Amino acid sequence: MGLGGILHFIRQEVLVGEHEVFHRTLRQALVGTCESVLDVGCGFRSPLASFSRLIPRTVGVDGYAHAIERSRAAGIHGEYHCMDLLQVATAFPPKSFDAVIALDVIEHFDKPTGYRFMEILESLARKRVILFTPNGFLPQDEWDGNVHQLHRSGWEVYDFELRGYRVSGMSGWKPLRGEYALPSIRPYRLGGLLSRLSEPFAARFPHHAFQLLAIREMERSGEEAKHAPHQGTCAESARAS
């Protein structure tokens, strides 16, 4: 790698803002290739906010009415539905969106329900499904008056790879962040800097990353899904956001 390549790498991967790599990767996966996106568990400040207007149709779904109200007020999505996330397939026909995303959502379900949730998302997506979650179990209680913010499960790289997902590490080296993704080293400014400096390492070695970004290309991995181990389902109707 020449000097120009090294400088480009530093600008793109090291000298970045908080969670910039995640937002950039998400945008690259959606803008220009997806005409419609379903944001399941959109919350009140979806990462799509900075570029949702570049996608012809975006739909936000959440089980918490207050989050829907705040997201609508911010104009993030063009359409909203407040409903149980496990019932989302009853509101839309199969393969009705180019992409279906669930960012910081699956960890709010117990593990069997989480696998069922993945199946539901995959049934709605024509092109790809994108999931974002902590790497392993990260304790978190309810907050903002939303009981569904409680974390109930932890997810590893292999949980996604077995279903045909490509997994990248996000948010730096795992020990450098803790609850609510806050830096574990203080002052926070120093901790955040150290975490961002470790992002190139975490991206390439997701087992050591704080968070995981999992993308499944439905058009290419359908056959793999037929042979994936059956993980079971749960009739639980809990909601998450």
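The values are calculated or read from the model by the stated rules, or taken from the named source; none is laboratory data. Because the structure is a prediction, the values reported are computed rather than measured. Neighbour counts run over all protein chains shown; Cβ positions are idealised from the backbone, glycine included.
Kindly evaluate Pro175 against the criterion of being part of a helix (DSSP H, G or I), over 28 Å from Glu219 (Cβ atoms) and either modelled with pLDDT of 95 or more or acidic (Asp, Glu) (or both). Talk me through it step by step, then tell me what you get.
Numbers: part of a helix (DSSP H, G or I): yes; over 28 Å from Glu219 (Cβ atoms): yes; either modelled with pLDDT of 95 or more or acidic (Asp, Glu) (or both): yes.
In short, yes.
Among the conditions (1) over 25 Å from Arg152 (Cα atoms); (2) modelled with pLDDT of 95 or more; (3) in contact with a strand residue (DSSP E or B) (Cβ under 9 Å, 6 or more places away or on another chain), the only one that Val21 does not satisfy is (2).
Yes/no matrix, rows are residues, columns are (1) surrounded by 17 or more Cβ atoms within 10 Å (Cβ to Cβ); (2) touching a Ser or Thr at 6+ places or on another chain (Cβ under 8 Å); (3) acidic (Asp, Glu); (4) free of Cβ contacts under 8 Å to residues at least 12 places away in the same chain:
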site: Leu54; (1), (2), (3), (4): no, no, no, no
site: Val61; (1), (2), (3), (4): yes, no, no, no
site: Ile76; (1), (2), (3), (4): yes, yes, no, no
site: Thr90; (1), (2), (3), (4): no, no, no, yes
site: Ile101; (1), (2), (3), (4): yes, no, no, no
site: Glu107; (1), (2), (3), (4): yes, yes, yes, no
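Residues of the range 121-145 that are hydrophobic (A, V, I, L, M, F, W, C) and in contact (Cβ under 8 Å) with a residue 40 or more places away in the chain: Leu121, Leu124, Ala125, Val129, Ile130, Leu131, Phe132, Leu138. Which members of the range 16-29 meet the condition of being assigned to a helix (DSSP H, G or I) and either farther than 23 Å from Ala73 by Cα or in contact with a helix residue (DSSP H, G or I) (Cβ under 7 Å, 6 or more places away or on another chain) (or both)? Matches in the range 16-29: Glu20, Val21, Phe22, His23, Arg24, Thr25, Leu26, Gln28, Ala29.
Quick one: in the range 110-120, of everything that is touching a Leu at 6+ places or on another chain (Cβ under 8 Å) and touching a residue at least 60 places away in the same chain (Cβ under 8 Å), which residue is nearest to Lys95 (Cα to Cα)? Looking at residues that are touching a Leu at 6+ places or on another chain (Cβ under 8 Å) and touching a residue at least 60 places away in the same chain (Cβ under 8 Å), I get Arg116.
Within the range 172-192, can you find the residues that are surrounded by fewer than 15 Cβ atoms within 10 Å (Cβ to Cβ) and either within 16 Å of Phe205 (Cα to Cα) or touching a strand residue (DSSP E or B) at 6+ places or on another chain (Cβ under 9 Å) (or both)? So that I can check it myself, show each step before the final result.
So the first thing to find is which residues in the range 172-192 are surrounded by fewer than 15 Cβ atoms within 10 Å (Cβ to Cβ), and the list is 175, 179-180, 182, 186-190.
Scanning the range 172-192 gives Pro175, Tyr180, Arg189, Leu190.
The criterion of at least 3 residues that are in contact with an Asp or Glu (Cβ under 6 Å, 6 or more places away or on another chain) is met by the following strands (runs of 3 or more DSSP E) wholly inside the range 37-141: 125-134.
Answer yes or no as to whether Pro206 is crowded, with 18+ Cβ neighbours inside 10 Å and either over 20 Å from the mean Cα position of the chain (by Cα) or in contact (Cβ under 8 Å) with a residue 60 or more places away in the chain (or both). Answer is yes for this residue. Being in contact (Cβ under 8 Å) with a residue 12 or more places away in the chain and of a type in the set (Lys, Arg) is a condition met by no residue of the range 180-189. Scanning the range 19-45 for residues that are in contact with a Leu (Cβ under 7 Å, 6 or more places away or on another chain) and surrounded by 17 or more Cβ atoms within 10 Å (Cβ to Cβ) turns up Phe22, Thr25, Val37, Leu38, Asp39, Val40, Gly41. Scanning the range 109-145 for residues that are of a type in the set (A, V, I, L, M, F, W, C) and surrounded by fewer than 17 Cβ atoms within 10 Å (Cβ to Cβ) yields Phe137, Trp143.
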